[in-house]
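This report refers to the structure that appears directly beneath it.
The values are calculated or read from the model by the stated rules, or taken from the named source; none is laboratory data. Treat the numbers as computed from the prediction; the structure is a model and nothing was measured. Ideal geometry is used to build each Cβ from the backbone, glycine not excepted, and the neighbour counts take in all protein chains shown.
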Amino acid sequence: MDSSTQVVPLEKLGTTVARVVQETPVLDMHTHLYSEQFGNIGLWGLDELINYHYLIAEIFRFSPISYQEFWAMDTPGQAEAIWKSLFEQNSPLSEATRGILTVLQQLGLDTSKPDLKAFRAYFAQQNRSDYTDKVFKLANVKSVVMTNDPFDPAERAVWMKTPDLDPRFRAVLRLDPLLLKWGETHRQLVSWGYAVEAGLGGKTLAEVRRFLEDWVKRMRPVYMAVSLPPDFSFPDPSVRSQFVAHCVLPVCREHGLPFSMMIGVRKLVNPALRLAGDSLGTADMSVVERLCAEFPENRFLVSMLSRENQHGLCVAARKFRNLLPFGCWWFMNNPSIIEEITRERFELLGTSFIPQHSDARVLDQLLYKWPHSRSIIAKVLTEKYSDLMQTGWTLSEADVRRDVKKLFEDNFTEWISGVH
């Protein structure tokens with residue numbers, strides 16, 4: 001008899017679930033990572049890891065350094081200032097600082113003392129290609145989904161050359177400039193040969209659709225995506241609302257692509273912090289419900305940035321089969337909140353959600369975001385299985401493997417293929 005089909009005894013449940021969760025490869029369905037073909041756009045290495053905007057925001061909680069002094073430093077100097085303040089002069093208790101140490105530990109480095117010079121020496125010996133292989137293997141990540149902006153000059157230049165991409169890196173057509181900055185981006189479209197007008201007159205809607213069609217053909221994205229403010233509404237007279245209804249969703253339907261909405265970011269509440277200066281707000285869940293109801297042939301991936309929106313998102317997903325909640329995004333990516341949200345999702349949605357994505361902007365972050373999330377997912381899943389077994393239900397390791405594979409890969413691949 002195959003041991004995987006044997007009933008898992010309650011006393012072995014925790015170890016079995018933890019092992020399966022660790023062994024199951026993950027498809028990371030939302031990152032800001034890039035394959036090597038994009039050159040310096042793709043961030044990796046220790047200084048980039050330390051200079052991530054999570055830690056930049058933290059240094060000003062501890063150090064008297066001014067914003068002007070910090071931004072005047074080069075990247076190594078900024079990393080040294082952050083390291084001294086957050087790792088040498090204070091205990092690295094935050095999730096972002098602990099994450100740095102987890103990365104170093106995963107790479108086999110001695111984290112018993114904060115020796116930045118020794119850690120830098122290790123990274124200086126790495127090359128991008130081999131290091132990418134190492135990170136994917138250690139994190140047990142089989143592939144990642146990028147975030148691709150056709151309005152970014154450096155990225156656009158790569159796409160226009162029809163690059164032969166590393167197949168582990170899959171594309172997403174990001175629409176933030178189109179939907180949120182039309183006053184600026186319509187001029188770019190005109191310069192690229194699209195007959196658009198700022199006021200949406202003439203052929204503008206048709207030309208925006210043509211632009212999307214062209215980039216779907218060029219990128220072959222697995223979905224389209226946008227990050228939205230908490231006051232996002234639909235329908236309304238805005239350009240954004242018109243583009244969503246008459247351009248984005250029709251093209252998504254035609255090509256079988258989900259539309260991903262990440263809702264709740266308030267940009268640059270403190271401009272002096274630059275990328276670290278964004279905050280969050282609570283959104284109106286009825287907007288998501290309205291989109292799902294009015295466009296039943298479209299599939300929506302949705303993640304909310306505010307903790308207060310998580311319960312509403314789960315309830316909305318129970319009502320609309322074309323809505324798939326995913327991940328614990330940005331400010332939600334903290335252990336206590338991930339545990340709470342994951343438990344809530346299991347209780348309301350069973351296994352019909354995507355529990356996590358890394359949102360990694362630096363390649364190395366895969367080495368901490370996935371180990372940290374896996375341990376939480378395993379803990380909550382064990383708790384839910386235990387509750388189930390109290391009813392007399394039996395569970396095999398094969399059942400556990402099926403469920404974890406759904407959470408880590410199959411729910412996403414079925415969603416992007418239209419099987420749901």
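Among the residues of region 263-295, those that are among the aliphatic types (A, V, I, L, M), under 17 Å from the mean Cα position of the chain (by Cα) and either in a loop (DSSP other than H, G, I, E, B) or crowded, with 17+ Cβ neighbours inside 10 Å (or both) comprise Ile263, Val265, Ala276, Leu280.
Out of region 240-271, which residues are small (Gly, Ala, Ser) and under 13 Å from Arg209 (Cβ atoms)? If you could, list the steps in order and put the result at the bottom.
Of the residues in region 240-271, the ones small (Gly, Ala, Ser) are 241, 245, 256, 260, 264.
Residue satisfying the conditions is Ala245 alone.
Would region 49-57 turn up any residue that is free of Cβ contacts under 8 Å to residues at least 40 places away in the same chain and among the β-branched types (Val, Ile, Thr)? If you could, list the steps in order and put the result at the bottom.
Going residue by residue through region 49-57, those that are free of Cβ contacts under 8 Å to residues at least 40 places away in the same chain are 51.
Next, only the ones that are among the β-branched types (Val, Ile, Thr) stay: none.
Looking for residues that are free of Cβ contacts under 8 Å to residues at least 40 places away in the same chain and among the β-branched types (Val, Ile, Thr), one finds none in region 49-57, hence no.
Scanning region 149-163 for residues that are part of a loop (DSSP other than H, G, I, E, B) and surrounded by 16 or more Cβ atoms within 10 Å (Cβ to Cβ) yields Asp149, Pro150, Phe151.
Every residue, every condition in (1) among the hydroxyl-bearing types (Ser, Thr, Tyr); (2) more than 26 Å from Ser3 (Cβ to Cβ); (3) over 22 Å from the mean Cα position of the chain (by Cα), yes or no:
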position: Trp330; (1), (2), (3): no, yes, no
position: Pro335; (1), (2), (3): no, yes, no
position: Asp359; (1), (2), (3): no, yes, no
position: Arg374; (1), (2), (3): no, no, no
position: Glu383; (1), (2), (3): no, no, yes
position: Leu388; (1), (2), (3): no, no, yes
position: Glu397; (1), (2), (3): no, no, yes
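Taking region 164-198 as the range and being more than 22 Å from the chain's Cα centre (by Cα) and not in a loop (DSSP other than H, G, I, E, B) as the test, the residues that pass are Trp182, Gly183, Glu184, Thr185, His186, Arg187, Gln188, Leu189, Val190, Ser191. Looking at the structure I just gave you, is Asn298 farther than 25 Å from Leu43 by Cβ and assigned to a loop (DSSP other than H, G, I, E, B)? When the stated conditions are applied, Asn298 passes them. Of note, Glu308 satisfies the criterion of being surrounded by fewer than 17 Cβ atoms within 10 Å (Cβ to Cβ) and assigned to a helix (DSSP H, G or I).
Among residues of region 20-66 being among the aromatic types (Phe, Trp, Tyr) and closer than 30 Å to Pro114 by Cα, the one that is farthest from the chain's Cα centre (by Cα) is Phe62.
Among the residues of region 315-323, is any assigned to a loop (DSSP other than H, G, I, E, B), closer than 22 Å to Leu27 by Cβ and in contact with a strand residue (DSSP E or B) (Cβ under 7 Å, 6 or more places away or on another chain)?
Of the residues in region 315-323, the ones assigned to a loop (DSSP other than H, G, I, E, B) are 320-322.
Right, trim to closer than 22 Å to Leu27 by Cβ and you get 321-322.
Still in the running and in contact with a strand residue (DSSP E or B) (Cβ under 7 Å, 6 or more places away or on another chain): 322.
Yes.
Considering each residue of region 68-83, count those that are touching a residue at least 60 places away in the same chain (Cβ under 8 Å) and closer than 21 Å to Ser94 by Cα, and give that number.
Initial filter on region 68-83 (touching a residue at least 60 places away in the same chain (Cβ under 8 Å)): 71.
Subsequent filtering for residues that are closer than 21 Å to Ser94 by Cα retains none.
Of the residues in region 68-83, 0 are touching a residue at least 60 places away in the same chain (Cβ under 8 Å) and closer than 21 Å to Ser94 by Cα.
Return yes or no: is Asp110 over 25 Å from Thr413 (Cβ atoms), in a loop (DSSP other than H, G, I, E, B) and acidic (Asp, Glu)? Judged against the criteria, Asp110 is a match. Scan region 208-217 and tell me whether some residue there is at pLDDT below 95 and farther than 29 Å from Asp359 by Cβ. There is no residue in region 208-217 that is at pLDDT below 95 and farther than 29 Å from Asp359 by Cβ. Every listed requirement among (1) free of Cβ contacts under 8 Å to residues at least 24 places away in the same chain; (2) out of contact with any Lys or Arg (no Cβ under 9 Å at 6 or more places or on another chain) is met by Leu268 save one, (2).
Can you name every residue in region 161-191 that is free of Cβ contacts under 8 Å to residues at least 12 places away in the same chain and not hydroxyl-bearing (Ser, Thr, Tyr)? Talk me through it step by step, then tell me what you get.
Let us first name the residues in region 161-191 that are free of Cβ contacts under 8 Å to residues at least 12 places away in the same chain, namely 161, 181, 184, 187, 190-191.
Result: Lys161, Lys181, Glu184, Arg187, Val190.
The condition of being among the aliphatic types (A, V, I, L, M) and in contact with a Pro (Cβ under 6 Å, 6 or more places away or on another chain) holds for only one of Leu407, Leu395, that being Leu407.
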